[in-house]
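A.B. asks: Submitted below is the structure of interest, expressed as structure tokens.
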Amino acid sequence: MIKEERNFADPQFETAMIPGRFQRTMRHCIVWQLIRMVFFSVRSIGIIMVNLKNEKELPST
Amino acid sequence: MARLVVLGAGVAGHTTATFAKKWLGNGHEVVVVTPNSLWNWIPSNIWVGVGGMSKEDVVFPLAPVYQKAGIDFRQAKAVSIHPEGKDGSDTPYVTVEYTGQNKEGQTEEITYDYLVNATGPKLNFDATPGLGNGEGGIGSNTVSVCTADHAVHASQELKQVFEKAKRGERQKILVGTGHGMCTCQGAAFEYIHNIHHEAEKAGVRDNVDIKWISNEAFLGDFGMGGMHMKVNGYVVSSRIFAESLYTERNIPWIIGAHVNKIEEGKAHYELLDGSTGEEEFDFAMLIPPFAGAGMKAYDKAGEDITSKIFNPGGFMFVDGDYAPKPYDEWKAADWPRTYQNRDYKNIFAAGIAFAPPHIISKPAKSPNGTPINPTPPRTGMPSGIIGKAVAHSIVDLIKNGSSAHLHEASMAEMGAACVASAGKGLTGGQAAAMTIYPVVPDFDKYPGTGRDTEYTFGEIGLAGHWIKHILHHLFIWKAKLKPGWTLIPE
Amino acid sequence: MARLVILGAGIAGHTAATFAKKWLADAHEVVVISPNSLWNWIPSNIWVGVGKMDKKRVTFPLAPVYAKAGIDFRQAKALAIYPEGKESDKHPFVTIEYTGQGREGQTEALSYDYLINATGPKLNFGATPGLGTGSHIGPHTVSVCTADHAAEAHERLRAILDKARQGHRQKIVVGTGHGTCTCHGAAFEYALNVEHAARQAGVRDRVDIQWISNEPYPGDFGMDGMQLGIMGYVTSVRIMAESLFSERGIHWINSAHVSKVDAGRLEYEQVDGTTGEEAFDFAMLIPPFSGVGLKAYDRQGTEITDTMFLPNGFMRVDADYTPKPYAEWKASDWPVTYRNPDYPNVFAAGIAFAPPHPISKPRTSPRGTPITPMPPRTGMPSGTIGKAVAHSIVNLIREGDRAKLHTASMAEMGAICVASAGTGFQSGQAVSFTMYPLVKDFETYPGTGRDTKRTYGEIGLSGHWIKYILHHLFLWKAKLKPGWTLIPE
């Protein structure tokens, strides 16, 4: 078990998802994170494209 | 030549009897006393309850199996235990009343050297007005999936509800627990998801409102205080796991509820915060609370010593620590290890029949003083493991005398695998597969979660359904003592 | 030759000014009025607040950048708008009061053809007794809203961590200082960064960190939370936020209006009417925002502030301000062109425009205290709106009244948000979100109000890298260095 699981002793922390060892390692795995960064960048470009697409021109009066 | 008498032929009793006979061979006698002529793989009853299996798929007659194994089978109900014998004889015995084998109603005394109480639960429908029929049986307002016959009836009623829904009549289905002190939420959980699944298959889900009601303090408690398990690489509460499943299937829930009265088409309940409410239904499957089988016990002089051997709920005292203490002081070490009766060393209890030292979930009461908390599950895998350990202990006692080492199977050091069906179907089925270690949380060893999250794990998918289906056949195979049965683990 | 006057040089104002100047070139005049001599990349202030960056790395002087771009920069505070001019001269103008450039205290009237109000928020510390006076922070708490505040926060945080190192247990409170705060993201990041800093200092077990906020639950962020795709599931950001807190042992108090702050102690009221107090050794509480307090006068000199602005000081634009219950709120209530309804040559961008209503469900305590997070209008939306408004005005200048206006409705706008959870090239972490649209639209997306394909979140080191790259990218862009126009808002 990982240290943070002790926090579940507090009822306020009941409904949390605490990453296990694997998730934790992946969060700091340089190679995997580079892939995630590319992934997130692609998603972000998607958002930017939508914003550009949604920018309409309206008559001023 | 010693005689072992096993009361009950459920998962625990059947496991004990078959292993004891196998290990003892013909040198000693094994007697099984059970009022039922049929063995029932209870976990599959929920599939009978939705019409996915017939009764015949989940039961088989015990007599031929026991005959082949050389076990003396008495289709009878245990009435009382006389652990000190009676005047003139020190040999302990049980009195039984036959329910079959053409000896119906006859009583008999069966002496024993060792006794295993594996009588399982009495389905205490009458604890809630309107849930029972006043005579110990199920009433007409609700259905149950606790026995194969109940499940058959449930499936017929469910079929009618689906037919009405198909005709466009909106139907309300209520599934859950019928009392504040129920256990076995898992069966109701499986049943509600199977109903959802069948309703979708029948194309009537839009016309059917499905609702959950239970005595758990939160969804996913399951009588085990919930659990934190690995899901997808995260450690999460079973609460999130369960709430997500219900949300995905659009099944709303009422939680922390003690159902206190049932009328035709209506359930009344009290919540943990003291408020009350009612819920209408066209179909309701509510699990009854469990009590002990109601056996009596007498000493040599014929004095009633039932309260010495059994707790007020009718469950047998074993080697647990039964001193009442507050929740904070509950320890994993309170839980029994050998299941030997504390007063009579030749009596053991296994499965639901033993008295747990306390509940596993945090105890809770409504402001009116009504206890609303799930009682601990002792079914399935733990029952089998305990049954086998008890058989082992008794065999050693018989073979090696009273100095023999007893086998331990503490629920606080026992893992369990549990597969909860969420719908049947070779490709469309789903089940939540969970492993949990230990069953009773040990907060000293595993601070925070009480369980070892390396071994407490959950996942939902079709694979879970396949496992559940394979287990069904595997355990019936094992219970029938077909070739290789000893290789199949508990 | 037309003159565009832009009040404010934050994300919205700076974006609008630089694009307008680029498009209009030397044919027209662009004037920026801002009381600050420095531009500040506000999202990085939290790193200043934990000592990972100094003020110089998140700010730069505006004057040289504007000089090079040909933008007329006046370091001054806008006082009042005269959208109808005066009796004598019908040309609209604004009055300003200098705060720098050697002309401190001088006032001036500056006429305009087009006006963009991008004044951002007034940090309304005075709204909570003890939090501060007017827009000035009091002595009891710290803030990360400006680079100077953040530097001060770091000084005090360092002292706290030193005390913890000496063995004294320390209590840190981070959150919002009023029931109507917005900008929870900054406080959220700061809480996680403080936790990270305490851990790096090796004193985490001697520091209690407490979150307090006006949100109904962690992860509301003033946007009514969101359902996001995460690891192939669609789940509420609440779970993600609570998990981050739980993993780090940060406790939370939600639905709280901080009603009073004293030295080392704060009082709060919750939406259910209960009250409580928290002692602290260090507190970072975000103040509520209001408009900067611009006045407006008509031609006769009669005050018309109430027609141009809402009572909270934010400017009316083309939104539907009719009061209606939460259930009837629509995505279409939100402004599209950010043009003032009465004066078509006045626009508002960024925090300065008045949102039609919150995004989160409004709630009041039994005593009548509103405890409702206000909608965030910072970062990416500010930039996007600023650019759209610049576009509209450029069109109007070039083509006259018949020109097309550009739209940037927050109900049709996606946003990317990276919330830091600690710095460090290898040890850093951040939560990266994309969401679409910002304002929930339940008609288009029943159930969640947002497109869950485009609403996505993840935590990891890559988020930190992205946040770090954005820091440099946006400073690059704000300095108008080569290729700045290619960097999206």
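What follows is calculated from the coordinates using simple rules that are stated; it is not laboratory data. These figures come from a predicted structure and were not determined experimentally. No Cβ is skipped: glycine too gets one built from the backbone with ideal geometry, and neighbour counts run over all protein chains shown.
A.B. asks: List the residues whose amide H sits under 5 Å from the amide H of C:His406, counting only those 5 or more places along or on another chain, with H placed 1.01 Å from N in the peptide plane.
C.D. replies: When sequence neighbours closer than 5 places are left aside, the close amide H contacts are A:Leu58, C:Ser392.
A.B. asks: Then there is this: Ranked highest first by the average count of other Cβ atoms within 10 Å around their residues, in what order do B:312-320, C:88-96 fall?
C.D. replies: Listed from highest to lowest mean packing, they are B:312-320, C:88-96.
A.B. asks: Which of C:Glu108, C:Glu489, B:Glu278 has the fewest other C-beta atoms within 10 Å, and how do the rest follow up to the most?
C.D. replies: Ranked by crowding around the Cβ, least crowded first: B:Glu278, C:Glu108, C:Glu489.
A.B. asks: How many Cβ atoms of partner chains, on average, are near each residue of B:239-252 if near means within 10 Å of its Cβ?
C.D. replies: Partner-chain Cβ atoms within 10 Å, mean over residues of B:239-252: 1.
A.B. asks: Right, next: Taking amide hydrogens as modeled 1.01 Å from N in the peptide plane, which residues meet the under 5 Å criterion relative to B:Lys266, leaving out close sequence neighbours?
C.D. replies: B:Phe281
A.B. asks: I would also like to ask the following. Packing-wise, with mean Cβ within 10 Å as the measure, how do B:384-393, C:63-72 rank, highest first?
C.D. replies: Those peptides, ordered most packed to least, come out B:384-393, C:63-72.
A.B. asks: Sticking with this one: To the nearest Å, what is the center-to-center distance of segment C:153-201 and segment B:104-164, using C-alpha atoms only?
C.D. replies: 60
A.B. asks: If each residue's Cβ is checked for other Cβ atoms within 10 Å, how do B:Thr453, B:Thr18 rank with the fewest at the top?
C.D. replies: If I rank by nearby Cβ atoms, fewest first, I get B:Thr453, B:Thr18.
A.B. asks: Related question: For B:Thr111, put the label point 7 Å out on the Cα→Cβ axis and report which residues of segment B:19-43 keep their amide N under 19 Å from it.
C.D. replies: B:27-33
A.B. asks: Measure out, as a whole number of angstrom, how far apart the alpha-carbon centroids of segment B:218-264 and segment C:329-391 sit.
C.D. replies: Rounded to whole Å, the Cα centres lie 39 Å apart.
A.B. asks: Just to confirm the number: angle between the C-alpha axis of helix C:184-200 and the first principal axis of chain C, 0 to 90 degrees, nearest 10?
C.D. replies: Here the helix axis deviates by roughly 40 degrees.
A.B. asks: Additional query: From other protein chains only, count the Cβ atoms within 10 Å of every residue's Cβ in A:38-45, then give the mean.
C.D. replies: That average works out to 6.
A.B. asks: So, one more: Using modelled backbone amide H atoms (1.01 Å from N, in-plane), which distant-in-sequence or interchain residues come within less than 5 Å of C:Trp39's amide H?
C.D. replies: Excluding prolines and chain starts, which carry no amide H, the hits are C:Phe60, C:Leu62.
A.B. asks: Take B:Glu157 and B:Thr427, extend 7 Å from each Cα along the Cα→Cβ direction, and tell me the distance between the two endpoints in nm.
C.D. replies: Between B:Glu157 and B:Thr427, the label points sit 3.5 nm apart.
A.B. asks: Quick check on chain C: helices-only [θ] at 222 nm, where DSSP H runs of length 4 and up contribute -39,500 (n - 2.57) each and the sum goes over total residues. Nearest 500, please.
C.D. replies: Here the helix-only value at 222 nm equals -7500 deg cm²/dmol.
A.B. asks: Around C:Leu438, under 15 Å between beta carbons, what's the net of Lys plus Arg minus Asp minus Glu among the other residues?
C.D. replies: -3
A.B. asks: With an 8 Å Cα cut-off and a minimum separation of 6 or more residues, compute the relative contact order for chain C in percent.
C.D. replies: 17
A.B. asks: Ok, one more. Helix C:380-399 sits at what angle to the longest principal axis of chain C, using alpha carbons and giving 0 to 90 degrees rounded to 10?
C.D. replies: Helix C:380-399 sits roughly 0 degrees off the main axis of chain C.
A.B. asks: Segment C:27-82 to segment B:460-486: how many Å between their Cα centroids?
C.D. replies: 72
A.B. asks: Per-residue HN-Hα couplings for segment B:149-156, Karplus 6.51 cos²θ - 1.76 cosθ + 1.60 at θ = phi - 60°, whole Hz, x for Gly and Pro?
C.D. replies: Using θ = phi - 60°, the values come out as 5, 4, 5, 4, 4, 4, 5, 5 Hz.
A.B. asks: Right, something else. Where does each of B:Glu198, B:Glu248, B:Glu408, B:Glu190 land when they are ranked from fewest to most other beta-carbon atoms within 10 angstrom?
C.D. replies: B:Glu248, B:Glu408, B:Glu198, B:Glu190
A.B. asks: Add -39500 (n - 2.57) for each DSSP H run of 4 or more in chain B, then divide by its residues: what number comes out at 222 nm, to the nearest 500 deg cm²/dmol?
C.D. replies: Value at 222 nm, helices only, nearest 500: -7500 deg cm²/dmol.
A.B. asks: With +1 on each Lys and Arg Cβ and -1 on each Asp and Glu Cβ, how big is the dipole of the protein assembly as shown about its Cα centre, in debye rounded to the nearest 20?
C.D. replies: So the dipole magnitude of the protein assembly as shown works out to roughly 3020 debye.
A.B. asks: Pairs to check: C:Lys68/C:Lys295; A:Lys3/B:Lys445; C:Lys68/C:Lys404; B:Lys55/B:Lys482; B:Lys230/C:Lys467. Give those whose C-alpha atoms are more than 23 Å from each other in this structure.
C.D. replies: Result: C:Lys68/C:Lys295; C:Lys68/C:Lys404; B:Lys230/C:Lys467 exceed 23 Å.
A.B. asks: Let me ask something additional. Could you tell me how many degrees, from 0 to 90 and to the nearest 10, lie between the Cα long axis of helix B:381-400 and the main elongation axis, the longest principal axis, of the Cα atoms of chain B?
C.D. replies: Helix B:381-400 and the main axis of chain B meet at about 10 degrees.
A.B. asks: Take peptide C:245-254, look around each residue's Cβ out to 10 angstrom, count Cβ atoms belonging to other protein chains, and average those counts.
C.D. replies: 5
A.B. asks: Compute the Rg/Rh shape ratio of the protein assembly as shown: radius of gyration over Kirkwood radius, all on alpha-carbon atoms.
C.D. replies: We get a ratio of 1.09 for the protein assembly as shown.
A.B. asks: Further question on the same structure: How do C:10-16, C:406-412 rank on mean C-beta neighbours within 10 Å, highest first?
C.D. replies: Ranked from most to least packed, the peptides come out as C:10-16, C:406-412.
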